[in-house]
Amino acid sequence: MKVRAQEVKSRIFELSGGHPALDLVNTLDWRFRDSGPEELLEDYADVVRFVEQTGLMNAMDARKLLRSASENKAAKVLVSVRDLREAAAELLYAAVDGKSPSSSALKRLEEFFASAREQQKLRWDGEKLEWALPQASSFPSFPLWLLSLNTETLITSEQMPLLRECGNAECRWLFIDTSKNHTRRWCDMKICGNRMKARRFKAQHRD
Ligand SMILES: [Zn+2]
C-alpha cells in the first residue's frame, strides 16, 4: 500500500505523477496486480482531500465543500470522478503502449471535458481575461470539474510524449518523466525501485 493511512481522515496521497491528472489515475492503486487493485478514493471526502493535496483547491474551500455537499450528491460525484479516472486511464495506458485510444474512452472524456467547460465563466483577473470555474464551496461537483479540466490540459499538452509508467508490472503508476535524460523508471525508488532491485538480485543469485 502506497498511502500512509494511519486513519482514513488523514489519508495522504502520494503525488509522484508530476501532474494531478496522472495522480488521479494512480488512485486506483496496484491496478495490474493479480489479486486485484486497491481503491484509494473510497468516498467523496477522499476526492476532496485528493484535490486539496494536489494543490488545486485550498483547505478552506475543501472544508466548506465537505460540510455542504449532500450525501446523495456526494455519492454521485464520487462515481463520476471514478468514471473520469477510468476513461483517462484507458487513454493514457493506450498512449504509453503506443496504441490509439478506443473511441468509447474518447467519447467519455469528451463529455467530461465539455460539461466542465460549460461551468466556466469569463473573468477579468486585473490584467487579462481568464476562463474560471465558479466559487468552489457551493458546488459539490467542483472537484469533478477541476479534475476534468486538468485531465484535458494534460492530454492535449506537449507533455504527453514524456508520459511513462512505473517498471513494476503490478504497479505501472503513471508519471511525466522530467528527469534529465528521461531515464526515470519507477513511480518511487523507495516503493517499487528497491523492491524490483531486490527481486532481480534474488533471481541472479538463485543458484
Ligand atoms: Zn511503482
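The values are calculated or read from the model by the stated rules, or taken from the named source; none is laboratory data. It should be emphasised that the depicted structure is a prediction, and the values quoted were computed from it without experimental measurement. Cβ coordinates were reconstructed from backbone atoms using ideal geometry, including for glycine residues, and neighbour counts include every protein chain displayed. These area figures cover heavy atoms from the full protein model, side chains too; ligands, DNA and RNA do not enter into them. Shrake-Rupley method; radii C 1.70, N 1.55, O 1.52, S 1.80 Å.
Normalised by the number of residues in the range 8-204, what is the relative contact order in percent for Cα pairs under 8 Å and 6+ residues apart?
25 percent
With a 1.4 Å probe and all protein chains left in place, how much accessible area per residue does the chain have, in Å²?
Accessible surface, normalised per residue, equals 56 Å².
Would you mind checking which residues have amide H under 5 Å from Arg172's amide H? H placed 1.01 Å from N; only 5 or more apart, or other chain.
Under 5 Å from the amide H of Arg172: Cys166.
At 222 nm, what helix-only mean residue ellipticity would the chain give, in deg cm²/dmol to the nearest 500, using -39500 (n - 2.57) for each DSSP H run of four or more?
The helix contribution divided over the chain gives -14500 deg cm²/dmol.
What aspartates and glutamates sit close enough to Lys64 to cross-link, taking a C-alpha to C-alpha distance under 14 Å and skipping anything fewer than 8 places away on the same chain?
Hits, sequence-local ones excluded: Glu52.
Can you tell me the 0 to 90 degree angle between the C-alpha axis of helix 194-204 and the longest principal axis of the chain, rounded to 10?
Compared with the principal axis, the helix lies near 20 degrees.
I'd like the orientation of helix 103-119 relative to the chain: the angle between its Cα long axis and the longest Cα principal axis, in ° from 0 to 90, rounded to 10.
40 degrees
Of Val77, Ala169, Val47, whose Cα points farthest to the positive end of the dipole of the chain (charges on the beta-carbon: +1 Lys, Arg; -1 Asp, Glu; origin at the Cα centre)?
It is Ala169.
Note down, for the chain, the three equivalent ellipsoid semi-axes (square root of 5 times each alpha carbon gyration tensor eigenvalue), biggest first, whole angstrom.
After scaling each eigenvalue by five and taking roots: 32, 20, 16 Å.
Per residue of the range 134-146, in order, report the coupling 6.51 cos²θ - 1.76 cosθ + 1.60 (Karplus, θ = phi - 60°) as ³J(HN,Hα) in whole Hz, putting x for Gly and Pro.
For the range 134-146, the Karplus-derived couplings read x, 3, 4, 5, 8, 10, x, 7, 3, x, 5, 4, 4 Hz, x marking Gly and Pro.
For the range 24-40, take each phi angle, set θ = phi - 60°, evaluate the Karplus expression 6.51 cos²θ - 1.76 cosθ + 1.60, and give the result in whole Hz per residue in order, putting x for glycine and proline.
Once rounded to whole Hz, the list reads 5, 4, 6, 6, 9, 6, 6, 3, 10, 7, 4, 7, x, x, 10, 7, 9.
Mind checking the dipole of the range 8-204: about its Cα centre, +1 per Lys or Arg Cβ, -1 per Asp or Glu Cβ, Debye to the nearest 20?
Roughly 640 debye, rounded to the nearest 20.
Just how much of Phe142 is accessible, in Å², when a 1.4 Å probe is used and the result is rounded to the nearest 10?
Per-residue accessible area (Phe142): approximately 20 Å².
Picking from Gly126, Ala88, Pro143, whose Cα lies most toward the positive end of the charge dipole for the range 1-151 (charges on Cβ: Lys, Arg +1; Asp, Glu -1)?
Farthest towards the positive pole: Gly126.
So what's the net charge close to Trp131: Lys and Arg +1, Asp and Glu -1, counting the other residues with Cβ under 13 Å from its Cβ?
0
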